[in-house]
Structures are given as C-alpha cells and as structure tokens.
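First comes the structure, then the notes that go with it.
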Amino acid sequence: MLNPRLIAAVAMPLFLAAGALATWLGRGGRDDDGPKWRDDSLDDWYREREAQAEEERRRRREGNGD
C-alpha cells in the first residue's frame, strides 16, 4: 500500500517542476526587460517637492548672506 506522505513527497516537487516548466514555456520568445509602462503617478509631486526644497535652499543662502 502506498503511503500518502510518500506520494506527497514525490508528487509535490514534480508538480512544482511542471508548473515552472509551463511558465517558462508559456513566456515563449518574449524578452521582458521590464515593464513597458512607467508609473508617473508621483512625478508632479516630486517636481513640486523639489521646487519647494530649492526655494528653501535659496532662502537659507540669502538668510546667511545678510
């Protein structure tokens, strides 16, 4: 009689290997060097923050020069 633990110990790595092989073959010839899209949702916030920081740096320079 087959032990269920033995079946699981043998079947699980086989299923994992089969899944990895299916994923690898499913990709086909596509070369994915990264996403084709760019997340620009924070670009405006970064620009605004940088402008505020630059203004603060300018004020500090002028304040030290007096």
Gained length - Ile7 relative to Arg49, 0.36 nm times residue gap less alpha-carbon distance: 9.2 nm
If I model a spin label at Leu42 and Leu21 as a point 7 Å from the Cα along the Cα→Cβ vector, what separation in nanometres do I get? 4.2
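Throughout, read-outs are computed from the coordinates displayed, never taken from laboratory work. In this text, all values refer to a predicted model and were calculated from it rather than measured experimentally. As a convention, Cβ positions derive from the backbone with ideal geometry for all residues, glycine included, and neighbour counts pool all protein chains shown.
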